[in-house]
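The values are calculated or read from the model by the stated rules, or taken from the named source; none is laboratory data. A quick note: this is a predicted structure, and the numbers were derived from the prediction, not measured. Don't worry about glycine lacking a Cβ; one is built from the backbone with ideal geometry, like all the others, and counts go over all protein chains shown. Side chains are part of the model used for accessible areas, which takes the heavy atoms of the whole protein and leaves out ligands, DNA and RNA. Shrake-Rupley method; radii C 1.70, N 1.55, O 1.52, S 1.80 Å.
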Amino acid sequence: MKLRWGFIDVLVILYALIPVLWIVSLSFKDPSTITDGSLLPTKWTLSNYAGIFRNDDFLRGLVNSIGIGLISTFVAMVFGTMAAYAIARLAFPGKRLLIGFSLLIAMFPQISLVTPLFQIERSLGLFDTWPGLILPYITFALPLTIYTLSAFFKEIPAELERAAKMDGATPFQAFWKVIVPLAVPGMVTTAILAFIFCWNDFLFAISLTSTSAARTAPATISFFTGSSQFEDPTGSIAAAAVVITIPIVIFVLFFQRRIVAGLTAGAVKG
Amino acid sequence: MAEIVLDGVSKRYPDGTTAVHDINLTIADREFVILVGPSGCGKSTTLNMIAGLEEISSGELRIDGERVNERAPRDRDIAMVFQSYALYPHMTVRENMAFPLTLAKLPKPEVAAKVGHAAQLLDLTALLDRKPANLSGGQRQRVAMGRAIVRDPKAFLMDEPLSNLDAKLRVQMRTSIARLQKRLGTTTVYVTHDQTEAMTLGDRIVIMYSGVVQQVGPPEELYDRPANLFVAGFIGSPSMNLLPAQVRDDGLHTIIGVIPHRSRGLPPEVVAGIRPEAFQDTRIRGGASFTDTVDILESMGAEKIAYFTFETGETGESGGTAFGDGAQVVARLDPKSRAREGEPATLWYDPAAVHIFDPDSGVNLTA
Amino acid sequence: MTAERDLGERRLALWLCAPATLIMIAVTGWPILYSFLLSLRRADLRFPADQEWIGLANYATVLGNPYWWTAFGVTALVTVVSVAIELVLGMLVALVTFRTIVGRGVVRTVVLVPYGIVTVAAAYGWKYAWTPGTGWLAGLLPAGSAPLTEQAPAIAIIILAEVWKTTPFMALLLMTGLALVPEELLRAASMDGANRWQRFTKIVLPLMKPAILVALLFRTLDAFRIFDNIYVLTNGAQHTSSVSIIAYHNLIGGLNLGIGSTMSVLILISVAVIAFVFIRVFGAAAPG
Ligand SMILES: Nc1ncnc2c1ncn2[C@@H]1O[C@H](COP(=O)(O)OP(=O)(O)OP(=O)(O)O)[C@@H](O)[C@H]1O
Ligand SMILES: [Mg+2]
């Protein structure tokens, strides 16, 4: 019994890890051995990493990714928290409508926005700028933040706010001193999920940018030609893929419990 | 300290429910008033209106003569203890108790002194640095009390503060709350649906039923002179036997026989109410009696509860079930009683102790 | 009085919801409308002078185009197959992580790895793994085969990449559903003589139905907009375009706004139909 579970566990772990190990291994392969097809590097090198960090476009892409991701996450969190609190605690007409609308956006095919946004942003001068990406990112991160946060807010007993009011708190004090401290774990989770969404996006990033002014890291990678470093960009792409991936993976693993809670909070009825 | 006046106060929720209908109540300074009634009768709603947590739909609420309808809870200087205690999970016991004081921007030494004093009063000193999650139910309850008393408010409001405790602790806390209230002398409104709590705790009891106040008075008065059928059935345990009766010249004809009574001025049909403790199995001079087989006998140690089932002629066709469609009469007997299960017993009662109610309005015609 | 308080609450709610709602409407509402208008025009950025209202002609063009239908077929195929595999795999992973005794924490943790990986990065991993000469997986195939350059194997690899990346999410959603099945019910069922399989099909599955439907709805709509994996793996070559890819190429490569917008509207309609089918026909409860 124990052995069988152990075996199944190993299978699951291999399933999840081998493709990751492969790209990591690829990134450490010396250019001369990169086409040897072996799972592990036969000749280790850091030159792929050295190469991409000498590449201005990639560094610029990283800066764009981080900056755009953080700003979008921050704005989505602020507005999302406000709306989620209203949904969880206040009675107002149009609540169902708002929930339905954000659900709609969560499931919206992004490509359907790309064409009109491409045209609109060009006429507004937003094309190939940070705000040009931040706006759609906020929009698509909002349903996620509203959903997860309102699920978290609903878990906090309403009596605590009433108690705070009785203790002499203003509505804002009740929110700030009682609700927010209790919601912090949920807010951290939600922020991570929102950031991952922005960081992961590719479609908007290649459609709404044309230079490295706002192109994010994943999009930059897809433009690697290798001509600057090697004939073949494989090693650089692998190294770049590892660089943009590993921090997020570590993050996810570190906060795994919370992320599980967050990913499922919006999905179960609540 | 304060006097609280509810002047024609009503509550209608947006969905149309009238949760509280036209309450008129004056709660004197230092008084301990209990709001009691079955679930959903509007007790919490009333309390929340006094607290300012629910808007008052109509009528006026005055504290110390001042209209406070429009005041936010924090401007009413009232403390509240919640059923779930509503302790802030992220704060220690000390921080929980200090919270109202820090919000009021009291200087730190004063806060510490007041928290220390309250903790001593409630025997919480050793627990001050714990988080609520690490406390037992009874300790949490005391912290909730502590948070209410630290700021020495005009009044305490408590919404079923003991209902989450086990039976034994409940009795214990009941007496400490009574003692604390006497000592502090703070006007207190206490909500419960437990009539024992109501009878033992309060100076006065307010009985509510579906949003309407049924009777207000000291516990003895409610017991001795229930204003109507609802109060009669609600107060007392086991509850009063309520028997349909036909009024004839010789008295009230019921399933337990004829109860001698003056019939003048009574409607042709009434409801006769006899408390279980009004029966005894020794002869009462000038008393009436009935004889029937004891259906069930529960020995409680300090008393015996005897149940009698009578086949009722009119409802005969609907048939009796195990739960007795036939009318049941309950008697509370002396532990030394000789009544035995399955054997006939003769019980005596004083006809003067019988309450007579109008079956339509429920009003007590004898009170 | 009540009215005033309600009004106050409503006003507060309005202020709290306004920024989020306005952004969402501004970034989606107007573009959708604009997209619809564009779809009724001849609007090719290469010929800016030649613009006019042409009614539904763009729709006729797209719907009469075999490339569109191939892409639609590929999208549907990838969606159906990958969601089906994910459902089975996800259920297995959910059961394993839920019931496993050994190394439960490790399994749960590791399963999240694919979720944390940027899709594009993972897609490159798959691409190189199947590239002849470079890849460890390509080495397993007969010499001379280049799976990514033929339609069927390429689609299979696209599905593989999609399944690998999103199974954890599916598993997570199913795990919450699994947690809703009371342990006692399973004990009662085994007391009643149900074997393991019967317990699963007769008790677990029916009770999990709402969770399964929600998970399927989410994943189906998500799979239908597949873009990143195909872009990296084949970029739509050998008839492996999805509808998102073909719309993108019409816009960025072809700069044909009219046709691109028409495709956008058609994709939107398809998604709406899928959601409608799930919610109305299968009775998936929309969360919230
Ligand atoms: N927010 C609300 N909206 C509509 N109706 C409500 C609301 N809150 C309470 N009610 C209704 O008002 C009535 C009184 O409720 P209340 O909470 O005051 O009862 P209660 O006496 O405290 O009952 P319990 O002993 O169960 O706590 C009930 O019928 C309840 O359903
Ligand atoms: Mg209540």
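With respect to the stated conditions, B:N69 fails to be more than 14 Å from chain A (Cβ to nearest Cβ), open to solvent by 40 Å² or more (accessible area, probe 1.4 Å), over 16 Å from A:R162 (Cβ atoms) and more than 8 Å from ligand 1 (Cβ to nearest atom). Restricting the first member to the stretch B:94-120 and to residues that are assigned by the TED database to the domain that holds B:K154 and farther than 19 Å from A:F175 by Cβ, and the second to residues that are part of a loop (DSSP other than H, G, I, E, B) and open to solvent by less than 30 Å² (accessible area, probe 1.4 Å), the beta-carbon pairs closer than 7 Å and six or more apart or on different chains are B:R94/B:L128; B:M97/B:V150; B:L101/B:V150; B:K114/B:V150; B:V115/B:V150; B:A118/B:V150; B:A119/B:L128. With respect to A:V180, is the statement that it is in a helix (DSSP H, G or I) and more than 7 Å from every other protein chain (Cβ to nearest Cβ) true? Considered against the rule, which asks whether it is in a helix (DSSP H, G or I) and more than 7 Å from every other protein chain (Cβ to nearest Cβ), A:V180 comes out as yes. Return yes when A:K165 is out of contact with any Ser or Thr (no Cβ under 8 Å at 6 or more places or on another chain), among the basic types (K, R), surrounded by 15 or more Cβ atoms within 10 Å (Cβ to Cβ) and more than 14 Å from chain B (Cβ to nearest Cβ) and no when it is not. No; evaluated as a whole, the condition is false for this residue. Restricting attention to the stretch A:188-209, and to residues there that are among the hydroxyl-bearing types (S, T, Y) and modelled with pLDDT under 90, which single residue is surrounded by the most Cβ atoms within 10 Å (Cβ to Cβ)? Residue satisfying both the conditions and the ranking: A:T190.
Just to be sure I understand, how many residues within the stretch B:31-59 are closer than 27 Å to B:R183 by Cβ, within 11 Å of ligand 1 (Cβ to nearest atom) and more than 14 Å from chain C (Cβ to nearest Cβ)? Selection size over the stretch B:31-59: 6. The condition of being buried (at least 17 other Cβ atoms within 10 Å of the Cβ) and away from ligand 2 (no atom under 16 Å from the Cβ) does not hold for B:L184. Within the option set B:L157, B:L128, being crowded, with 16+ Cβ neighbours inside 10 Å and more than 16 Å from ligand 1 (Cβ to nearest atom) holds for one residue only, B:L128. Test C:T28 against the criterion of being open to solvent by less than 70 Å² (accessible area, probe 1.4 Å) and at the interface with another protein chain (Cβ under 9 Å from one of its Cβ atoms), and give yes or no. It is true that C:T28 is open to solvent by less than 70 Å² (accessible area, probe 1.4 Å) and at the interface with another protein chain (Cβ under 9 Å from one of its Cβ atoms).
Scanning the stretch B:13-55 for residues that are out of contact with any Lys or Arg (no Cβ under 7 Å at 6 or more places or on another chain), farther than 22 Å from B:L222 by Cβ and of a type in the set (A, V, I, L, M) turns up just one, B:A51. For the stretch A:1-30, name all the residues that are more than 9 Å from every other protein chain (Cβ to nearest Cβ), part of a helix (DSSP H, G or I) and of a type outside the set (A, V, I, L, M). A:R4, A:F7, A:S27, listed by residue number. Within the stretch B:195-229, the set of residues being within 16 Å of ligand 2 (Cβ to nearest atom), touching a strand residue (DSSP E or B) at 6+ places or on another chain (Cβ under 7 Å) and open to solvent by less than 10 Å² (accessible area, probe 1.4 Å) comprises B:A198, B:V206, B:I207, B:M208, B:G211. Counting only residues that are charged (D, E, K, R) and closer than 24 Å to C:A43 by Cα, the stretch C:227-270 holds 0 of them. Taken over the stretch C:42-96, the residue count meeting the criterion of being over 30 Å from C:V113 (Cα atoms), surrounded by fewer than 21 Cβ atoms within 10 Å (Cβ to Cβ) and within 24 Å of the chain's Cα centre (by Cα) is 7.
Considering C:V83, C:V111, the condition of being in contact (Cβ under 8 Å) with a residue 12 or more places away in the chain and in contact with a Pro (Cβ under 7 Å, 6 or more places away or on another chain) is satisfied by C:V111 alone.
Among the candidates A:R162, A:R215, the residue that is in the same structural domain as A:P109 (by TED's automatic domain parsing) and not in a helix (DSSP H, G or I) is uniquely A:R215. One residue stands out among those in the stretch C:135-166 that are surrounded by 22 or more Cβ atoms within 10 Å (Cβ to Cβ) and facing another protein chain (nearest Cβ under 8 Å): the one that is farthest from A:G262 (Cα to Cα), which is C:G135. In the set (1) farther than 30 Å from B:L157 by Cβ; (2) away from chain C (no Cβ under 12 Å); (3) assigned to a helix (DSSP H, G or I), A:D128 fails one condition alone, (3).
Among the candidates B:L162, B:L135, the residue that is free of Cβ contacts under 8 Å to residues at least 60 places away in the same chain, away from every other protein chain (no Cβ under 14 Å) and within 16 Å of ligand 2 (Cβ to nearest atom) is uniquely B:L162.
Listed by position, the helices (runs of 4 or more DSSP H) contained in the stretch C:195-288 that have at least 2 residues being within 11 Å of chain A (Cβ to nearest Cβ) and surrounded by 15 or more Cβ atoms within 10 Å (Cβ to Cβ) are C:205-224, C:228-233, C:243-248, C:257-276.
The number of residues in the stretch B:1-52 being assigned to a strand (DSSP E or B) and among the aromatic types (F, W, Y) comes to 1.
Meeting the requirement of 1 or more residues that are at pLDDT 90 or above and open to solvent by 60 Å² or more (accessible area, probe 1.4 Å), the strands (runs of 3 or more DSSP E) wholly within the stretch B:318-367 are B:327-333, B:344-349. For the list (1) touching a residue at least 24 places away in the same chain (Cβ under 8 Å); (2) within 16 Å of ligand 2 (Cβ to nearest atom), I need the number of the one condition that B:S10 fails. With respect to (1) touching a residue at least 24 places away in the same chain (Cβ under 8 Å); (2) within 16 Å of ligand 2 (Cβ to nearest atom), B:S10 is out only on (2). Pairs meeting the criteria (first residue in the stretch B:34-53 and polar (S, T, N, Q), second residue near ligand 2 (Cβ under 9 Å from one of its atoms), beta carbons under 7 Å, at least 6 apart or on different chains) are B:S39/B:H193; B:S44/B:D159; B:S44/B:V191. Scanning the stretch B:284-305 for residues that are farther than 10 Å from B:L347 by Cβ, touching a strand residue (DSSP E or B) at 6+ places or on another chain (Cβ under 6 Å) and not hydrophobic (A, V, I, L, M, F, W, C) yields a total of 5.
Scanning the stretch C:45-95 for residues that are outside any helix (DSSP H, G or I) and over 30 Å from C:I159 (Cα atoms) yields a count of 12. Filtering B:R12, B:R74, B:R62 for residues that are within 14 Å of chain A (Cβ to nearest Cβ), more than 18 Å from the chain's Cα centre (by Cα), open to solvent by 30 Å² or more (accessible area, probe 1.4 Å) and of a type in the set (D, E, K, R) leaves a single hit, B:R74.
Between B:A79, B:A28, the distinction of being within 14 Å of chain A (Cβ to nearest Cβ), among the small types (G, A, S), in contact (Cβ under 8 Å) with a residue 60 or more places away in the chain and more than 14 Å from ligand 1 (Cβ to nearest atom) belongs to B:A79 only.
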